[in-house]
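Participant: Right, I'll just put the structure down here and ask away after.
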Amino acid sequence: MAEHFQEDSVAAVGVRIDAEHPHGMIFDPHQPQLRVTDLGAIRGDGVFETMYCLGGEIRKLDAHLRRLARSAGICELPLPPAESWRAAVDLGIEEFSTRGTLPEHLTIKLVVTRGVEGEPAADDPAFAGTAWVLLTPAPEALLASRGEPIAVTLLDRGHDSTAAERAPWLLLGAKTLSYAVNMAALRHAKQHGFDDVIFRTSDGQVLEGPTSTVLLVHRGAEGSPPRLSTPERESGILPGTTQGAIFAAAERAGWELGYGPLTPEELHAADHVFLASSVRLVSPVSRIDDVEVPVDHDLTAELTALLAEDLPVGRPLDD
Ligand code: PLP
């Protein structure tokens, strides 16, 4: 049964998952919860997901759970089972509803860390680490920025396109808690007058944004469908659930689909470029460094509508 907090005292809801509460237990995220020796806090050793919940309906839940399991697998990190995450998320939403304040737009984070070294939280490896769900109203500024054109800069990610295969310990393609590099890239971009970043490898392959997937659109000849493409996952990027859901709906609508490798030249040759992610949805790129990129608001709306179909995500998560 959900524990209740004083009305208005918290804007967020936390749900802890542990061996005693495999279906979750509500906690107050405004109070300290984590031990200072937790490896998630001191080494960024853990994985996470960020999901979007609209009007109480979670978008792409299955795809996020599959990607969480995939990231944990890459990191050799045991994970509570999918039923625990589902139950914990439901409990969090129920808590908001019980309070009578279910926000229309929620950001839901699923986090699991390796816990405290040498002190597993439970004998069962699935519950040995620290796991929680955090439900927060999506920030107004982020909602307002949806669909707005953005200027991006291409930045070197510091590895070549063979690194994912050659050096698996880099954990490329896992959504780990170690996002300091991604955040530093965003700060660098902002200091230089850009809104966002597209990473490239040192040997010139387009990768992804620090928190988004790159989508390219080529207009077909009059009467033929557009072509939608994205960098290939093998280059060491995170398989995007937003990209996957848009591709599934676009395929059904008869669009042509393509997967990289993509060079910066191909990026510039596209008719339109977008960054896509779960909560911000689809942002049209209007400039890449000093090169203008055409923005088509109808196309942005079309991609957003394809995403809203919320079709199951196949490739790239299934490969
Ligand atoms: N790539 C990176 C590095 C990300 O952090 C994210 C999301 O935060 C994405 C891509 C987009 O993933 P999704 O569409 O599943 O939100």
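Participant: Once you have a ≥ b ≥ c as the square roots of the Cα gyration tensor eigenvalues for the chain, tell me rounded if a/c is under 1.5, and otherwise prolate or oblate according to whether a/b is larger than b/c.
Facilitator: Working: a/c = 1.88, a/b = 1.49, b/c = 1.26.
Here the chain falls in the prolate category.
Participant: Looking at the chain as a GNM with Cα springs under 10 Å, which of A122, A131, A72 has the largest mean-square fluctuation?
Facilitator: Top of the fluctuation ranking is A122.
Participant: Please name which of V214, W169, S145 has its Cα lying farthest along the dipole of region 143-300 towards the positive end, using unit charges on Cβ (Lys, Arg +1; Asp, Glu -1) and the Cα centre as origin.
Facilitator: Sorting the options by dipole projection puts first W169.
Participant: GNM on the chain, C-alpha springs below 10 Å: top fluctuator among M51, M25, M183?
Facilitator: M183
Participant: Further question: Around D160, with a cut-off of 13 angstrom between Cβ atoms, what is the net charge of the other residues, counting Lys and Arg +1 and Asp and Glu -1? Intermediate results must be reported in sequence, preceding the final value.
Facilitator: Details: positive: R157, R166, R200; negative: D156, E165, D203, E234.
That works out to -1.
Participant: Spelling out what I want: for every residue of region 144-156, take phi, set θ = phi - 60°, compute 6.51 cos²θ - 1.76 cosθ + 1.60 (Karplus), and round to whole Hz; glycine and proline get x.
Facilitator: Listing the rounded values in order: 5, 7, 4, x, 7, x, 10, 9, 10, 10, 7, 10, 5 Hz.
Participant: Residue separation times 0.36 nm, minus the C-alpha to C-alpha distance between H23 and R43: what's the value? Numbers along the way, then the final one.
Facilitator: On the way: separation 20, 0.36 × 20 = 7.20 nm, distance 2.71 nm.
Additional length available on full extension: 4.5 nm.
Participant: Also, I was wondering about something else. Going by amide H atoms built from the backbone, whose H comes under 5 Å of the H on H21, apart from near neighbours?
Facilitator: none
Participant: Could you tell me the distance between the Cα centroids of region 109-168 and region 60-95, to the nearest Å?
Facilitator: 13 Å
Participant: Right, next: Tabulate in residue order the Karplus-calculated ³J(HN,Hα) for region 95-110, using 6.51 cos²θ - 1.76 cosθ + 1.60 with θ = phi - 60°, rounded to whole Hz; enter x for Gly and Pro.
Facilitator: 4, 4, 4, 4, 6, x, 9, 5, x, 4, 10, 10, 9, 10, 9, 10
Participant: In addition: Out of A11, T113, G158, whose Cα points farthest toward the positive end of the dipole of the chain (charges: +1 Lys, Arg; -1 Asp, Glu; placed on Cβ)?
Facilitator: G158
Participant: While we're looking at this one, here's another question. Can you run phi through the Karplus equation (6.51, -1.76, 1.60; θ = phi - 60°) for region 166-180 and list ³J(HN,Hα) in whole Hz, with x for Gly and Pro?
Facilitator: With the stated coefficients, region 166-180 comes to 6, 9, x, 5, 6, 6, 4, x, 9, 8, 8, 6, 7, 9, 4 Hz.
Participant: Long-range amide H contacts for G258: which residues qualify at under 5 Å (H placed 1.01 Å from N, peptide plane, sequence gap of 5 or more or a different chain)?
Facilitator: L228, S229, T230
Participant: If we count every other residue with Cβ under 14 angstrom of I17's Cβ, Lys/Arg +1 and Asp/Glu -1, where does the sum land? Write down the numbers at each step before the final one.
Facilitator: Values: positive: R16, R86, K109; negative: D18, E20, E49, E83, D90, D124.
Value of the local net charge: -3.
Participant: Here is a follow-up. Only helical DSSP H runs with n ≥ 4 go in: add -39500 (n - 2.57) per run for the chain, normalise by residue count and round the 222 nm mean residue ellipticity to 500 deg cm²/dmol. Don't skip to the end; give the middle numbers.
Facilitator: Details: 9 runs with 89 residues, N = 319.
Calculated from helices alone, the mean residue ellipticity at 222 nm is -8000 deg cm²/dmol.
Participant: Dipole size in debye (nearest 20) for the chain around its Cα centre, Lys and Arg Cβ +1, Asp and Glu Cβ -1? Each step should come with its number before you reach the end.
Facilitator: Details: 26 positive and 48 negative charges, 66 e Å.
Dipole magnitude for the chain comes out near 320 debye.
Taken together, the values in this text are just the output of simple stated rules run on the coordinates, not laboratory data. Quantities reported herein were computed from a predicted structural model and do not represent experimental measurements. Because the Cβ atoms are built from the backbone with ideal geometry, glycine has one as well, and the counts that use them run over all protein chains shown.
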